[in-house]
Each structure stands twice: as C-alpha cells, then as structure tokens.
Amino acid sequence: MTLKVGVIGTGMIGQDHIRRLTQVLSGAVVTGVTDIDLERAASAAPMGAQVFDTPQALIGSDEVEAVVICSWGPAHEEQLLTCIAAGKPVFCEKPLVTSAEAALRVMEAEVAFGRRLVQVGFMRRFDADYRRLKAVIDGGTLGLPLMYKSVHRNASVPAGLYTSDMPLNDTLVHDADISRWLLNDEVAEVEVRLPRRSRQGCDLRDPHIVLLHMVSGVIVDVEISVNIAYGYDIRGEASCERGVAALPNRPATVISDAHGIRQAIPEDWRERFLEAYDQEFREWIVAASDGTATGPSTWDGYAATLVGDAALRAVASGVREPISLIEKPALYGPPVARAA
Ligand code: NAD
Ligand code: ISE
C-alpha cells in the first residue's frame with residue numbers, strides 16, 4: 001500500500017522532505033501541499049499533487065492519509081491539533097511547539113485519542129553515528145556516563161527570521177533531545193553562560209554555553225554557535241567511568257591540496273544529516289501506514305520545549321532554572337528517570 005501524504009510548509013525543509021518522499025523513498029506519495037505562500041506551494045508541488053488553500057483543507061482531504069508539518073514553530077500547535085482531531089498520523093518538524101502550555105494541549109489531545117499519532121523531527125535519533133554511540137553507552141562496558149559534551153555549530157542562520165531567542169528555543173531542542181535519549185535521562189535544571197559575543201553575522205546573542213543538569217547527576221555541556229562561518233559542525237562525546245565514546249567527525253573525506261591536508265565540513269544540516277532524515281522518514285512511513293507514529297514523541301517534544309523555556313529564563317536570571325515535568329502519560333512509555 002502507498003501512503004498518501006500531505007505536506008504543510010514548503011520552505012527549505014519542506015522541499016527537502018518532498019524530494020525525499022518522491023525521489024528517494026518508497027511507500028509514500030505526496031498527494032497534497034500547502035503554504036501561506038501559495039505560489040511557493042505550487043512550485044514545490046510534485047506532479048499530481050493538489051495545492052490546498054489552507055492546512056485545514058489539506059488535513060481534511062480524503063486524498064491525505066498522513067501529514068508532514070514543515071511550517072514555522074508557532075504554527076505547529078493548531079496544525080497538530082487538527083491532525084489529531086482527524087485521527088491522521090503526523091510527522092511534525094521540530095520544535096514540536098513553542099511553549100509548554102501548547103505542548104500540554106497537544107499531549108492532552110493525543111492521550112484522549114488513545115494512540116500515538118505524532119512523531120517529532122528529532123532526526124539525530126536516526127543517525128547511524130548517534131545510534132552507535134548510544135549502543136556503546138547502553139552496553140555499559142565504559143561504566144556509567146558522567147558528562148556529555150554536545151557541540152552544535154551552524155555556519156549561519158537566516159538574518160531577520162532567526163532571532164536572539166532561537167539558539168535556545170529552536171536550535172538547543174536537538175541537543176536537549178539527543179542528551180535525554182543517549183543518557184536515558186531527563187533534564188532537571190538548566191544553566192546558561194554567555195561568552196564574548198561574536199561579531200560574525202547579524203545582531204544575535206551568540207554563542208551560548210548551556211549546562212543541562214540531568215536527573216542522574218550527569219552534566220551535559222552544550223555549545224550553541226549559530227554564525228561560526230566555517231561550516232555545520234556537530235560533535236558529541238560521552239565521558240564515562242572507564243573511557244570516552246564520541247561521534248566521529250563527519251564526513252570522513254580527507255582532502256589534500258596546496259593548502260594542506262583537511263577534512264571537508266558539511267555546509268548545513270541537509271548535508272550532515274542526509275541519511276538520518278531518510279531513515280527517519282523510512283521508519284515514519286512504516287508507522288504511519290499502520291495508523292501510528294514511532295521514535296520521538298509528543299512527550300519528547302514537550303520535554304525539549306521545557307528545556308528551551310528554562311534556558312531563556314536562565315539567561316535572564318543568571319542562575320540554574322529548574323524543570324518540572326508532569327507525570328508521564330502511559331501512552332509515552334515508562335515513567336521518567338529519578339535521581340540515582
Ligand atoms: P522556511 O522558512 O524555509 O519554511 C517554512 C515554510 O512554512 C515557509 O514557506 C512559510 O511560508 C510556511 N509557513 C509558515 N507558517 C505557515 C502556516 N501557518 N501555514 C502554512 N505554511 C506556513 O523554514 P524551514 O527552515 O523550512 O523550517 C521549517 C520548520 O522545520 C521549522 O520548525 C524548523 O525549526 C524546522 N527545521 C528542522 C530542521 C531539522 O534539522 N530537523 C532543519 C531545518 C528546519
Ligand atoms: C534548524 O531549524 C535545525 O533544526 C537544524 O538542525 C539546526 O542545526 C539549526 O540550528 C536550526 O535552525
């Protein structure tokens with residue numbers, strides 16, 4: 001059976017996911033697209049896809065069995081709630097939503113529906129390097145993890161569209177999610193340090209050092225740099241009791257030329273996580289064809305949203321800001337980690 005998919009938001013990542021669904025993967029066909037910019041939607045629509053005037057019309061169509069949301073974060077809540085009300089599986093790009101209250105409303109609707117419908121676009125969980133790193137940590141040969149270092153560097157971000165709060169409530173969500181997943185842990189408190197401000201790029205507060213104090217006592221330090229010019233550089237390293245496990249530097253191509261010997265750095269997330277996005281959608285197509293979702297859930301989107309909120313509070317207060325999660329609904333698996 002071929003899953004009929006509607007895509008909301010046909011900007012950078014929407015177009016990339018349409019390409020993936022139509023040219024790379026099997027099992028799905030894009031039957032509908034929409035965007036507040038209808039011209040953009042029309043030019044991104046693959047052959048045979050209908051251009052809908054509104055997300056509501058797309059979600060309600062009999063020609064759409066499952067939905068991919070690639071609009072801006074503040075639009076996600078309403079679109080997610082409409083998908084849940086229609087009982088349609090939905091892949092939602094990160095961030096799930098932009099406030100804790102909105103995350104709770106989405107969670108309440110999905111729990112009332114009684115089955116997982118929402119998968120959040122935390123693609124790092126589908127990346128082969130991160131999966132190998134998790135297997136080593138979970139395998140226990142290095143003992144317990146004690147510290148984790150997460151480096152998240154963007155060459156640049158879109159001027160004007162990307163504002164000073166976004167390193168913490170848009171970009172950091174990836175590091176928050178991957179740390180929770182790798183460490184099987186939850187974030188208890190968040191602290192932010194502001195180093196010398198970069199003169200690179202536009203008028204943003206950049207870079208940030210964020211400390212995630214996990215429930216287990218592990219400390220995660222995150223570097224968020226969003227205008228570092230040289231490339232998209234993602235690193236991760238777990239220091240454990242008896243050794244260290246780290247992501248390899250990617251890609252591994254070694255270039256030798258008149259400037260010396262060097263490794264090429266990806267330009268942006270599309271290049272670095274190309275295979276991870278493909279795998280993320282392979283697994284989503286299987287789950288959505290079965291009427292459900294897999295991988296990162298509404299709960300994970302909620303937990304990451306709280307980290308972003310706490311990080312913004314921590315910039316203002318200068319101290320550690322606590323996170324208080326609600327009790328985890330059974331729909332999302334076992335209860336959250338508690339201090340060892
Ligand atoms: P973009 O600005 O290139 O595209 C967003 C598109 O959504 C635009 O065409 C805009 O007109 C449309 N849109 C906005 N609000 C809408 C609404 N209410 N209804 C219909 N269309 C609407 O942005 P982008 O870089 O493609 O990012 C889109 C989403 O994907 C964001 O949530 C972003 O955080 C996320 N993203 C995730 C990754 C990742 O690595 N997982 C990478 C990039 C972007
Ligand atoms: C972007 O929206 C993403 O999700 C990328 O993965 C991230 O690295 C970037 O900072 C965000 O702006």
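The values are calculated or read from the model by the stated rules, or taken from the named source; none is laboratory data. What you are looking at is a predicted structure, and each value in this text was computed from that prediction instead of being measured. Cβ: placed from backbone, ideal geometry, glycine included. Neighbour counts: every protein chain shown. Ligands, DNA and RNA are stripped out before the accessible areas are found, and what is left, the full protein with its side chains, is counted by its heavy atoms. Shrake-Rupley method; radii C 1.70, N 1.55, O 1.52, S 1.80 Å.
Report the full-extension gain for the segment Ala330 to Glu237: residue separation times 0.36 nm, less the Cα-Cα distance, to one decimal in nm.
Stretched out fully, the Ala330 to Glu237 stretch lengthens by 30.3 nm.
Which whole-Hz ³J(HN,Hα) couplings does region 228-237 yield from phi under the Karplus relation 6.51 cos²θ - 1.76 cosθ + 1.60, θ = phi - 60°, glycine and proline marked x?
Karplus-based 3J(HN,Hα) across region 228-237 equals 8, 6, 7, x, 9, 10, 10, 10, x, 8 Hz.
Please give the per residue accessible area of region 211-284, computed with a probe of 1.4 Å over protein heavy atoms only, in Å².
The answer is 49 Å² per residue.
Whose amide H sits under 5 Å from the amide H of Gln50, counting only residues 5 or more places off or on another chain, with H placed in the peptide plane?
For Gln50, whose amide H was placed from the backbone, the distant partners under 5 Å are Gly32, Val33.
Can you check what the Kirkwood hydrodynamic radius comes to for region 237-340, Cα pairs only, in Å to one decimal?
18.5 Å
Using the heavy atoms of the protein chains and a 1.4 angstrom probe, tell me the accessible area per residue for region 1-130 in square angstrom.
On the way: 5150 Å² over 130 residues.
On a per-residue basis, 40 Å².
Write out the chymotrypsin sites (Phe, Trp or Tyr not before Pro) in region 11-113 meeting two conditions: DSSP loop, and at most 16 other Cβ atoms within 10 Å of their Cβ. Provide the component values of the computation, followed by the final result.
Details: sites: Phe52, Trp72, Phe91, Phe113; in loops: Phe52, Trp72.
Answer in residue order: Trp72.
Check the straight Cα-Cα distances from Lys328 and name the lysines below 26 Å, setting aside those fewer than 8 residues away within the same chain.
Partners found: Lys88, Lys94, Lys134.
Net charge around Val106, counting only other residues with Cβ within less than 11 Å of its Cβ (Lys, Arg = +1; Asp, Glu = -1)?
Its environment carries a net charge of -4.
Rounding to the nearest 10 and keeping the result within 0 to 90°, find how far the Cα-based axis of helix 172-183 lies from the longest principal axis of the chain.
Roughly 70 degrees, rounded to the nearest 10.
Counting only helical runs of four or more DSSP H residues, what would the 222 nm mean residue ellipticity of the chain come to if each run contributes -39,500 (n - 2.57) and the total is spread over all its residues?
For the chain, the value works out to -10000 deg cm²/dmol.
Which shape class, rounded, prolate or oblate, goes with region 101-247 when its Cα gyration tensor gives a ≥ b ≥ c as root eigenvalues, a/c under 1.5 marks rounded, and past that a/b bigger than b/c marks prolate?
On the way: a/c = 1.77, a/b = 1.12, b/c = 1.59.
Here region 101-247 falls in the oblate category.
Take peptides 175-181, 53-59 and line them up by average Cβ neighbours within 10 Å, highest first, as a rough protection proxy.
The densest-packed peptide leads the list: 175-181, 53-59.
Order Lys149, Lys328, most accessible first, counting only protein heavy atoms with a 1.4 angstrom probe.
Working: Lys149 90, Lys328 50 Å².
Most to least solvent-accessible, the answer reads Lys149, Lys328.
Using a cut-off of 12 Å between alpha-carbon atoms, which aspartates and glutamates can reach Lys4, once sequence neighbours fewer than 8 places away in the same chain are excluded?
Asp62, Glu63, Glu65
Summarise the accessible area of the chain (1.4 Å probe, protein heavy atoms) by the percent that is carbon and sulfur. Spell out each step's value before the answer.
Details: 8010 of 15100 Å².
In the chain, the share of accessible area belonging to carbon and sulfur is 53 percent.
Assign one of three labels to region 27-134, namely rounded, prolate or oblate, based on the Cα gyration tensor with a ≥ b ≥ c the square roots of its eigenvalues; rounded applies when a/c is under 1.5, prolate when it is not and a/b is larger than b/c, and oblate otherwise.
Oblate, since a/c reaches 1.5 and b/c is not below a/b.
Can you list residues from other chains, or at least 5 along the same chain, whose modelled amide H is less than 5 Å from the amide H of Glu63?
The list, which skips near neighbours in sequence, is empty: none.
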